[in-house]
Each structure stands twice: as C-alpha cells, then as structure tokens.
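The next block holds one structure in the form of structure tokens; read it before the comments.
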Number of protein chains: 2
Amino acid sequence: LDEGDDEAVYDLVEPLHPADIADLFELVEREYRGPLARAITDLLGADVLTELNDYVRDDVIDALPAAQVAELAGQLETDDAVAIIEEMEEADQRAVLAELEPADRAAIVDALSFPEESAGRLMQRDLVAVPEHMNVGQLIDYLREHADLTTEFWEIFIVDPQHRPVGTCQLSWILRTPRHIALADVMKRDQTLIPTDMDQEEVALRFQKYALISAAVIDGAGRLVGQITVDDIIHIVQEEAGEDILRMSGAGDGDINEPIRQSYSSRVRWLIANLGTALVASSIIALFGGAIEQLVALAVLMPIVASVGGNAGTQTMAVAVRALAMNQLTQSNTRRIIARELRIAVLNGATVAVLTGAGTALVFADAMLGGVIALAILVNIIIAGMAGVIVPVTLDRLEQDPAVASSVFVTMITDSMGFLAFLGLAVASGLASF
Amino acid sequence: LDEGDDEAVYDLVEPLHPADIADLFELVEREYRGPLARAITDLLGADVLTELNDYVRDDVIDALPAAQVAELAGQLETDDAVAIIEEMEEADQRAVLAELEPADRAAIVDALSFPEESAGRLMQRDLVAVPEHMNVGQLIDYLREHADLTTEFWEIFIVDPQHRPVGTCQLSWILRTPRHIALADVMKRDQTLIPTDMDQEEVALRFQKYALISAAVIDGAGRLVGQITVDDIIHIVQEEAGEDILRMSGAGDGDINEPIRQSYSSRVRWLIANLGTALVASSIIALFGGAIEQLVALAVLMPIVASVGGNAGTQTMAVAVRALAMNQLTQSNTRRIIARELRIAVLNGATVAVLTGAGTALVFADAMLGGVIALAILVNIIIAGMAGVIVPVTLDRLEQDPAVASSVFVTMITDSMGFLAFLGLAVASGLASF
C-alpha cells in the first residue's frame, strides 16, 4: 500500500474469506483503511461489510464514493444495509439513498422510520409467506418457480388472507412430509410474534428463551412485515452482554477501534463523577483530621476498610446487574435476593473482619484498634452488599440502565461509609478524639 | 403446594409454555422446587428442563427418581442430556445411566468422554448426512422414507465414502432446486469444521464470525461425528460475554440461584486477595507516617488520587478484557492499543489533574499542594492506563483468563502508585518531611 501498488495488494487479499478480509481491515492502522478499501473495492462484498466492526466500517465507507456504497447496500439484506446507512452523516445518507434502486431505497427509508435498536430496524423484509390452504407439494413448486425469492430463510411463515401470521413451518418438516399433506397440518401454530417497536434487547431475550431460529415481525395491525433471524440476534446478545462490563466501569462504548477523542470524552465524564464521589469521602476524612493527627495508624489503615467494602459492593452489583439484564431479578424475587445477599455479606464480612482485626491487633499491639477495624469492616461489607443490590434495582425501577450509574453510587457509599465507620468508631472507642 | 394439593397445582401449571414453567421454578423458593417438580412430573418435558437455570435444574433433578430422570434424558438431544447428567453426583449419574436405553446411554457416555466445555460435549449426534452422488429428488425421498431421522436440522451435510464432510447444503437451497440436480452442484464446499476438542468459546466465535446456523463436528481422523446448532451457541455467547463482568469483580459464577455457601466461598477468596493488595497500599502510607502527622491534608486528599486512578485502570481493563474475549486484541495490534490507551490516559489525566489541582489550591490556599496532587493524579492515571492493558494482555499470553485476576493486580498498582506518587511528591516538594 505504501508503494501504491494496488494490484499486488489485490492479489494478496483475493484468496481470503470475507470474514478474514474484515479482520484485515481491523488490523491495519486507521490511515491505511481508506487506500486499502479503494484498492480492493471489487472484493468488498456484502459479507465483508457486515463482518466489520462499526468504527472500522465507517472508515471504509467514508473512503468509497456514494455510488459504490449504494451498490453494496443494494446487495445487502435490508437490516445490514440499514446498519451501514444509519451511521452515516445526513448528507452522505441522502447521496447514497439517491443512488439506490427505488425498491431498495423504499425498504431502507421505511426501516429508518423505526426507532434505533428496535425490531423494525433489525428485521429483513425478504421472507417466504404462503397462504394456509397450500399443501407441501404446492409450496415446493412455488419455491422452485419463483426465482426472485430470498434464499435466506429457515422457516416458512403461513399467513391468513389479511397477511396475519397463523403459523410457522421449519424447512426440515416440509422436506420430510409427503407432497399431498396440507401445510396447515404440519405447521406449528404456537409462535412468538415480534412487534416492530420491540427493543432489540427484548427481542434477543425472546430468541434465547424460546430457542428461535427466526421469528415473524408484525405491525400494529398484526400483519406480517418482516422476519428476524438468529444470526442477527447473536451479535446483539454478544454486544448487550458485553456492554455491561464496559458501562459498569464507565468505559463508554469501549471499542478498541473507537476514535480517541470519543473514548476520551466518554471516559473523562465518569472520572469526573468519580472525583465527585471521592470528594465526599475526603470531606468525611477531613472531619476526623484531629483524630488522625493523634493516631497516624488511622490514616494507614483506613484505605483497607474502604477498599474491601468497595470490592464487596462491586461483586454484589455485578451479580445484580447481570441478573437484571437477563430478566432473572424481578419485582417478585427482589426481597429474596436482598435477603440472600445480606446473608452472604454477613459471612464475608465476618471472615474478613476477623482476619484484619487479628492482624491489626498484632502488628500495632493494640487490641482496641483491631476491634475497631474489624467492626468497621463488618459494617461496611454489609452496607456494600445491600447497596450492591438496592442501587441497581432502584435505577432499573426508574427505567435507568443499572449498569451505567450503579458503580458511582455504590463506590461513593462504600468509600464514605468505610471511612465514617472506621474513624467514627475510633473516636467513639476513645482511641482518638476529634 | 403448602396444602399438598398437587392436582390443583397441576391444573394451574398445565396451560403454560415450557419456557414459562421453567421461569416458575426459578421464581419459587428453593424448598418448593422439589414438591413442585413431583406435583407436575408429567409436564416436565425436555423443553422445560433445557430452559432451567443450572442451579435450579439441580434442585429439580434431585427431587425426581432416577428412572424419571432417565426417561427425560432419553427424550432430550444428546447435548442437553449431557448437560443435565454431567452436573449430577457420580452415584446418581450411574443410576440414571443404568435406566437409559442402550443407544442413548452409549451416546451420553461417549459425550462425557470429551473434556468439559468442548465441542464434543456440545454437539448432538443426530444429523442428516448423505453421500455426494445423491440428487435433490433422492434426498427428499430419503428424508420422507426414514421416519427415525431427527427433525432438528437446518443444513444437510454431504460426506465422502470415508464419512468426511465435503460440503453443506441449506434446506432452502434444496427446496428451491429441481429434483434432478445433483447435491454436489448445490452444496457449498467452503465450510467451517469444528474439531471435537475445540473449546466452546472458540466454537461460539466461529459461529459469530462466519454467521453459521449449524456446523459439522469432526473427530481426529476428519470424520463427521456430530453437529452443533446455533441455538446452543446463543446460550454460550450470553454466558461467556456475561461471565467477564462477574469474573472481573470477583463474584465467581455470580448466579442468583447459586447456593449461598458456594457464593460465599468464591467471593471471600477475592476479598482476601483484595485485603492483601490493600496491605501493600497501607505499608506505603505507613512509610510516610511522619509526613501525614505534619500535614493532615495529605491523609484527607490521598484517597482521591488512588480512587481516580483505580477508576481509570478499571476502564482500560474492561476495554482490554472485552477486546481479548472477542479476539480483537491480538499480538499484531497490542502495541497500537497500548499507544492508543496512553494517549487517552494523558488526556484524561491532564483534565482530572487540572480540576483537582485547582480545587485543592483554592480550598487549602496552598498552590504547592495543588501542584503536588495534580502531578500525582496525572502520573497515576497514566500508570493506570498502561497497567489496564498490560496486565490483562500478559495474563492472556500466560494462558490465564484475563478477566479473573486482572482486577487485583491493577487495583494494587493504582492504589500503591497513587499513594506513593502523592506522598512521595509531597515530601520531595518540601511540603512535609519523613
């Protein structure tokens, strides 16, 4: 690429699998992505684009002229084309849409009319839907005769005259059934219908719960308007499940291909929030300045109380955030989970308190100091356990994402309560005075 | 249930979807799971069992006699039966295996011979494999005639005389092709083969990368021995992606249905490890006891430096752990990612340092103290950014799970370095002396 020898580059890349070409784009430095895209435009099939990381795809798409992007989008399934076009700037979007075939354009404009991350954006319009009265033989003939039908389907949808889905039929059932049998006798009537406005996270949970391979998407009037297939869902499951770890740590999107400025702005926000919570903890310490001057051991030991409490809080919080994301923690079992976490916190707190208390009493030759730190740790771990469930559950009830803001609150609680319990008990026990 | 009125319970549960019956078991208190299972044994089909959370399933299975479990296992696909039986105690395992039909028993014993979490455990043995010379019509006739074949398949595998896979054929292609065409002309030769000993996480990544719906599993000699379908993969993706958040926080399995004793023992281990790292930080503070006695503001401010550094380290670590899990962070781009994180750390560090430094200088009316804390924060955030990438990458190179132990190391580094930088700079600048 450095030598501008595009042909040599082309020859090198040509034998690769589309998914591996996608990997190649992710591996090269950002400034090479444009030239590489231009050098191997012919090889940039739909299957390469769908495999690309979102940020890398933006780099690639930016390097290509609108006509080229439109041609690629035309080859893609609607959902994949939408994924590419929704990320573009408005002017570029219009340029690409103008170059598209009218049918493709209509489908994409229609999809863009649904809210982001909804089933309407995710669905593809190409599907096979047939009336109830067909039999297996007629269906097979219909499929063979209509060359323009999609080949990307795993189930047939059976619809009534109003185009409302009444059942689905796995292809394997059709292949194993004699021609004269009616579809109505083979199909499964019990199906999972997805409204166009359902959130993609909820769609993914349905797919998992009912082990679906594809599902019918219906509009407000109950008419079949598209299908969602499991290959699109697997990416969502991966993303949503992985997002929580990044959100909890305040790392924003957390993609290694995200531009630095964007990573900076999403992360620094949380660092500043963290600074705020640290100030709360600091002002509690400041209250006990006199006590620390009298007994420096307090300054040496206080971070232990806060740190262990913070860790215990994070553990419980991770469990709660995960259970909320998977719909396992609901109104009906919240109390039971809080009771469960309380019991674990008492066990954990007692263990760590005994260890730290005994160690401190020995090292500082001061039994009272050992007792104070042990009690402070027990109290802080119990508070941490409660905060670790109650904070994310409360955020969830308020329809906030529990993964995003829980950390800040829980850390603030465990830090402040840790310092308060330890320094407060030290003063109360007469080890030091204000 | 309390009244022992099993019939009424049965009538209430009967109309529910299997996945909803599974949810019901998860919602009721542990002690009711056994009685509930005994009351509705007839409704406990294979589809309920496969949807149950692992811990809840153990409760249910424990309540049923071996003959009942064997009957259920016989209805399940091999992979699901194995998932149930591998969790049982050895004596119970033997009892259930003894009750199974010989063919089912052989398949399950065979599956149990593969390592846990390997493709061999995950695969199902039921699949449709046909020779190359068949044409579409012959295949359809074969499928119609052999009533004992599985209906759970999405692709046909085409094999050579040695039973080695040579291609796959989506069912939709077969349905759309005239009878006289040879399968060899319809099938896709380029396929993703999974060796029986591949780790399930790696299998899941292949499914995502190549958007597979099912894949052939081969033994050491390259012979087709089973298939893995995407519905089993979606659970693995969910689990593996979600596990990292729990591992990073040291919450073990982190399942809300896990017995309390197990949660206690997995969490307390990490709290004790955390105690160890807190001791390192404390001993650094102890070195500066004299300085703190002279200037209590140091004790008030030092947690801020450690806390912000810890947060910055966790952000970077979450990004790195996630990128490692998705195979995005590899040998070839490690250096680039470290350089990227360094730049973000400098930006974040400078922003937070200026804010904190200015605030401190104002509140304490001490410009030197402001300068010291600003510099300490900048240094600690840069160290945190580097540690956040280097620690997980190093653990990964040593073939350790980066999600498990990174936290402890990174926290130790950011806490210790935070205290050392701040207190050390305070002494070096002459604000206080040892």
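The order of A:Glu145, A:Glu293, going from fewest to most other C-beta atoms within 10 Å of their C-beta, is A:Glu145, A:Glu293. Here B:Val363 yields copy-to-copy label distances, from shortest upward, of 2.7 nm, the label point defined as 7 Å from Cα along Cα to C-beta.
Dipole of the protein assembly as shown, Cα-centred, from +1 at each Lys and Arg C-beta and -1 at each Asp and Glu C-beta, to the nearest 20 debye? Its charge dipole is roughly 3380 debye.
Here is the link list: A:Lys188/B:Lys209; A:Lys188/A:Lys209; A:Lys209/B:Lys188. Which ones come out longer than 26 Å on Cα distance? The answer is A:Lys188/B:Lys209; A:Lys209/B:Lys188. If you take the square roots of the eigenvalues of the alpha-carbon gyration tensor of region A:6-115 and sort them as a ≥ b ≥ c, do you get rounded (a/c under 1.5), prolate (a/b over b/c) or oblate? Prolate, since a/c reaches 1.5 and a/b exceeds b/c. Here the scattering of region A:41-83 is modelled by Debye summation over its C-alpha atoms, one equal scatterer each and no solvent; at q = 0.15, 0.18, 0.20, 0.34 Å⁻¹ the log10 of I(q)/I(0) is -0.30, -0.43, -0.55, -1.55. The mean of 1/r over all distinct Cα pairs in the protein assembly as shown, once inverted, gives the Kirkwood hydrodynamic radius of 29.9 Å. Extending 7 Å from the Cα toward the beta-carbon at both B:Arg179 and B:Gln75 defines two label points whose distance is 3.7 nm.
For region B:249-428, the calculated P(r), taken from all Cα-Cα distances in 5 Å bins from zero up to the bin holding the longest distance, is 1, 9, 15, 17, 16, 14, 11, 8, 5, 2, 0 percent.
Can you give the mean number of other chain Cβ atoms that lie within 10 Å of the Cβ atoms in peptide B:328-336?
Per-residue shielding by partner chains comes out at 3.
When B:Phe157, A:Phe364 are arranged by Cβ crowding within 10 Å, least crowded first, meaning fewest neighbours, the order is A:Phe364, B:Phe157. Each principal axis of the Cα cloud of region A:196-257 was taken in turn, and the coordinate range along them, longest first, works out to 42, 23, 21 Å.
Among B:Leu64, B:Asn53, B:Leu43, flag the residue with its Cα farthest along the positive direction of the charge dipole of region B:6-116, charges on Cβ as +1 for Lys/Arg and -1 for Asp/Glu. Of the candidates, B:Leu64 comes out farthest on the positive side. Taking K and R as +1 and D and E as -1, what net charge do the other residues with C-beta under 11 Å from the C-beta of A:Arg223 add up to? Taking every Cβ under 11 Å from that of A:Arg223, the sum is -1. Relative contact order for region A:144-269: 17 percent, from Cα pairs under 8 Å spaced at least 6 residues apart, divided by residue count. Distance between the 7 Å Cα→Cβ label points at A:Gln162 and B:Ala63: 4.2 nm. Compared with the rule-of-thumb size 2.2 N^0.38 Å for a compact globular protein, region B:65-214 has a Cα radius of gyration ratio of 1.19. The mean number of partner chain beta-carbon atoms within 10 angstrom of a residue's beta-carbon across peptide B:206-217 is 4. Shown for A:Asp110: label points 7 Å from Cα along the beta-carbon vector, and their distances to the equivalent points in the other copies, 4.8 nm in ascending order. Given R0 = 25 Å, the distance between the Cβ atoms of A:Arg223 and A:Glu145 translates into a calculated FRET efficiency of 0.50. Of the GluC sites (Glu not before Pro) found in region B:73-119, the ones in coil according to DSSP and having at most 11 other Cβ atoms within 10 Å of their Cβ are B:Glu89, B:Glu116. Taking label points 7 Å from Cα along the Cα-to-Cβ direction, A:Asp20 and B:Leu24 give a separation of 5.2 nm.
Using C-alpha pairs below 8 Å separated by at least 6 residues, the relative contact order for chain A is 12 percent.
Could you work out how far helix B:66-75 tilts from the main Cα principal axis of chain B, as a 0 to 90 degree angle to the nearest 10? With both axes taken from Cα atoms, the answer is about 80 degrees. Estimated from helical segments only, the mean residue ellipticity of chain B at 222 nm is -21000 deg cm²/dmol, where each DSSP H run of four or more residues counts as -39500 (n - 2.57). Each of B:Tyr210, B:Gln238, B:Thr177 was scored by the projection of its Cα onto the charge dipole of region B:142-262, and the greatest displacement toward the positive side belongs to B:Thr177; charges sit on the C-beta of Lys, Arg, Asp and Glu. By the count of other C-beta atoms within 10 Å, a proxy for reagent exposure, B:Phe25, A:Phe419 are ordered fewest to most as B:Phe25, A:Phe419. Relative to the longest principal axis of the Cα atoms of chain B, the long axis of helix B:30-39 makes an angle of roughly 10 degrees. Seen from a random direction on average, the alpha-carbon convex hull of chain B projects onto 28.9 square nanometres. Amide H contacts under 5 Å for B:Val166: B:Ile158, B:Val159, B:Asp160, restricted to partners 5 or more places along the chain or on a different chain, H placed in the peptide plane at 1.01 Å from N. Projection of the Cα convex hull of region B:123-278, averaged over all directions and equal to a quarter of that hull's surface, yields 12.7 nm². Towards the positive end of the charge dipole of chain A, with charges on Cβ (+1 Lys, Arg; -1 Asp, Glu), say which of A:Gly120, A:Thr316, A:Val404 has the farthest Cα. Of the listed residues, the answer is A:Thr316.
Shape of region B:1-62 from the C-alpha gyration tensor: oblate (a/c of 1.5 or more and a/b not above b/c, with a ≥ b ≥ c the square roots of its eigenvalues). Charge tally for B:His17 (other residues, Cβ to Cβ under 10 Å; Lys, Arg +1; Asp, Glu -1): -4. Length gained on full extension, A:Ala358 to A:Glu101: 84.9 nm, using 0.36 nm per residue less the C-alpha separation. With all pairs of different C-alpha atoms in the average, the Kirkwood value for the hydrodynamic radius of region B:264-340 is 15.7 Å.
Can you tell me the relative contact order of region A:6-115? Whole percent, Cα pairs under 8 Å, sequence separation 6 or more. Averaging sequence separation for qualifying contacts and normalising by length gives 23 percent for region A:6-115. Helix A:136-145 and the longest principal axis of the C-alpha atoms of chain A enclose an angle of approximately 80°. Using a label point 7 Å beyond Cα on the Cα-Cβ vector, give me the inter-copy distances for A:Gly276 in nanometres, one decimal, shortest first. Ordered by increasing distance: 3.7 nm.
Rule-based calculations on the coordinates, nothing more; no lab input. Every value quoted in this text rests on a predicted model; they were computed, and no experiment measured them. Positions of Cβ are generated from backbone atoms using ideal geometry, with glycine treated the same way; all protein chains shown enter the neighbour counts.
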